1. Return the residue satisfying two criteria in turn: it lies in the range A:195-214 and is modelled with pLDDT under 95 and in contact with a strand residue (DSSP E or B) (Cβ under 8 Å, 6 or more places away or on another chain), and of such residues it is surrounded by the fewest Cβ atoms within 10 Å (Cβ to Cβ).
2. From the list B:Ala253, B:Ala309, pick out the single residue that is in a strand (DSSP E or B) and of a type outside the set (Lys, Arg).
3. State which residue is modelled with the lowest pLDDT when the search covers only the range A:1-52 and only residues that are of a type in the set (D, E, K, R) and closer than 25 Å to A:Arg311 by Cβ.
4. Give the range A:85-99 a look and list any residue that's under 12 Å from A:Val112 (Cβ atoms) and either among the charged types (D, E, K, R) or part of a loop (DSSP other than H, G, I, E, B) (or both), or say none.
5. Quick one: A:Gly61 ticks every box in (1) within 14 Å of another protein chain (Cβ to nearest Cβ); (2) assigned to a loop (DSSP other than H, G, I, E, B); (3) over 30 Å from A:Ala171 (Cα atoms) bar one, so which box is it?
6. Return the total of residues in the range B:122-157 being assigned to a helix (DSSP H, G or I) and away from chain A (no Cβ under 14 Å).
7. Quick one: in the range A:295-324, of everything that is under 16 Å from A:Gly189 (Cα atoms) and of a type in the set (Phe, Trp, Tyr), which residue is surrounded by the fewest Cβ atoms within 10 Å (Cβ to Cβ)?
8. Name the residue that is farthest from A:Ala204 (Cα to Cα), counting only residues in the range A:101-141 that are among the acidic types (Asp, Glu) and touching a residue at least 12 places away in the same chain (Cβ under 8 Å).
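The values are calculated or read from the model by the stated rules, or taken from the named source; none is laboratory data. Quick caveat: nothing in here was measured; it's all calculated off a predicted structure. Cβ coordinates were reconstructed from backbone atoms using ideal geometry, including for glycine residues, and neighbour counts include every protein chain displayed.
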Number of protein chains: 2
Amino acid sequence: MRTRPIPATFTTHIMEKPIALALHGGCGTILRQNLSASEEAAYEAALSEALEAGWRHLEGGASALIAVEATVRALEDCPLFNAGRGSVFTAAGIHEMDAAIMEGLHRRAGAVAGVRQVRNPISLARTVMEHSGFVLLCGEGAETFAREQGIPFEEADYFATEARWRQLVAARGKAAVVMDHDPAEVKFGTVGAVALDQEGNLAAATSTGGLTNKRYGRIGDSPIIGSGTYADNRSCAVSCTGYGEEFIRSTVARDVAARMELLGESLDIAAAHVIHERLLEVNGSGGLIAVDGAGNITLPFNTEGMYRAWRSNKDNSHGVAIFS
Amino acid sequence: MRTRPIPATFTTHIMEKPIALALHGGCGTILRQNLSASEEAAYEAALSEALEAGWRHLEGGASALIAVEATVRALEDCPLFNAGRGSVFTAAGIHEMDAAIMEGLHRRAGAVAGVRQVRNPISLARTVMEHSGFVLLCGEGAETFAREQGIPFEEADYFATEARWRQLVAARGKAAVVMDHDPAEVKFGTVGAVALDQEGNLAAATSTGGLTNKRYGRIGDSPIIGSGTYADNRSCAVSCTGYGEEFIRSTVARDVAARMELLGESLDIAAAHVIHERLLEVNGSGGLIAVDGAGNITLPFNTEGMYRAWRSNKDNSHGVAIFS
């Protein structure tokens with residue numbers, strides 16, 4: 001007996017399970033006149049490659065958690081972005097990186113703050129979530145845990161780039177703590193990803209090198225669950241980039257999800273309210289990426305530009321962009 | 001010409017501006033049979049004194065921010081509670097304390113994590129809020145900032161108590177990270193305060209010594225804005241105590257405020273929902289204290305007991321309690 005061909009409608013149904021992925025590589029006063037054509041092309045290529053790294057997993061049926069980790073790892077490995085390799089320098093001339101990951105089915109989360117030589121902080125955050133019994137580990141303690149778990153480390157040189165060192169020298173000259181500063185730019189250097197998988201599960205991941213010339217063990221919003229990173233299957237997954245202090249005070253990521261959950265707002269409306277109204281109450285600037293369970297994606301920001309890329313099979317949307 | 005006496009109604013109006021203050025000293029399996037009469041009396045006296053320390057400020061017209069700081073300082077200075085003096089020991093036999101403070105008018109916030117020898121971490125948190133330009137400082141960096149600001153330090157001996165050392169020895173014997181553990185108790189040792197002042201401003205403060213035998217630079221919910229601590233004049237001020245990881249994953253403090261702000265729920269209903277429904281989704285146990293702009297106070301918990309005290313001139317409520 002020959003097997004019956006799968007009915008076209010059934011195939012279509014299978015194929016149409018929504019999957020979606022979005023990423024950001026930071027935001028700020030990113031203006032076309034300050035980026036050369038080759039720089040723009042390099043950023044776009046890096047954003048596309050990171051998107052592809054995560055999308056392959058989603059298409060293959062992997063979890064949103066795996067997809068956002070893979071996407072953020074690709075961005076951490078790229079020296080163009082302020083996370084992992086290419087992180088900015090602290091006042092002490094070292095790197096202190098933060099990262100967080102969260103999945104929306106059980107609201108499990110893991111995060112690390114102030115790690116110095118972990119190659120991929122986002123993978124350490126996931127290991128914290130899965131194997132530590134804790135949510136947030138900090139500093140040397142986090143690195144002790146990482147070594148016990150066999151997480152790869154790199155020498156300090158690995159993370160350093162000439163461009164970031166020049167930024168530190170410039171910032172020291174002005175005695176300023178600056179936001180991933182280029183001469184004509186104020187950039188909030190952070191990377192992040194959000195995803196919806198075939199099972200309908202959401203996940204979010206964020207990673208950052210923090211602020212150039214920062215002191216005092218400052219921790220921004222990236223590793224703070226509910227501020228820089230949040231995921232709940234009932235509403236959405238969110239990853240933020242911006243001035244971290246205002247994002248903490250405004251619990252930005254949780255607020256987008258809370259408006260969907262409690263007010264029934266759409267993803268677009270909820271995210272726009274938080275970025276364009278609530279955040280402005282405290283003069284906060286930045287942006288976020290978010291995805292919901294239907295495969296909708298939103299990428300609002302109140303700065304001039306945000307490095308971003310997205311793909312959803314819900315409406316076959318697919319893009320890479322830098323400017324507004 | 002003689003001045004007219006102030007009309008009685010006006011005097012009454014002035015006198016009736018609502019002020020309110022509540023505090024907690026941790027929660028857990030606190031059972032009457034495990035506390036001797038003298039221990040119970042000692043806890044009640046300490047809770048009353050801390051309440052009085054903050055209430056004097058509110059009555060005198062000081063801000064909610066000053067009142068919650070004063071209340072938490074009194075609890076930090078008392079060796080009975082797991083914050084400041086009397087903090088539990090980490091696995092390394094030292095103290096790593098966390099604290100946060102937030103005011104509801106401008107949603108300003110300050111927090112510290114992993115400080116070892118700052119006498120009153122809550123006062124450092126306030127100084128971070130007012131003078132650092134950051135929200136959250138961690139570890140040695142936070143202590144460097146504290147020294148620059150002239151914040152008082154103590155020798156390690158100051159924080160140590162015999163009872164806490166015995167808890168560490170017991171925990172090491174079981175290779176357990178425990179929640180402020182007594183032989184017959186699991187307690188979530190944290191202290192906190194929330195207040196409403198005569199100007200109608202809200203504030204919240206939380207301070208903790210963390211977990212006995214903790215490792216890896218673990219940070220709990222206390223210093224996380226939106227999880228252990230939150231204040232917004234539009235809704236309420238909240239300070240939490242419980243298993244920190246579940247409080248982070250559930251953004252407990254922000255969720256109470258969000259339900260009031262977005263759903264129009266009363267303080268009581270919103271706080272009860274978060275403690276008795278949302279937190280249980282992740283098997284979270286603990287409690288919180290909260291106050292709103294009308295001087296209402298709520299103190300829900302899903303454990304056997306919570307050290308607590310409260311006072312409001314709205315309904316002349318005033319009390320100290322330990323058990324449910």
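1. Among residues in the range A:195-214 that are modelled with pLDDT under 95 and in contact with a strand residue (DSSP E or B) (Cβ under 8 Å, 6 or more places away or on another chain), the one surrounded by the fewest Cβ atoms within 10 Å (Cβ to Cβ) is A:Asn213.
2. Of B:Ala253, B:Ala309, the one residue that is in a strand (DSSP E or B) and of a type outside the set (Lys, Arg) is B:Ala309.
3. The qualifying residue modelled with the lowest pLDDT is A:Glu16.
4. Within the range A:85-99, A:Glu96, A:Asp98 meet the criteria.
5. Unmet condition: (1).
6. 5
7. A:Phe323
8. My answer is A:Glu130.
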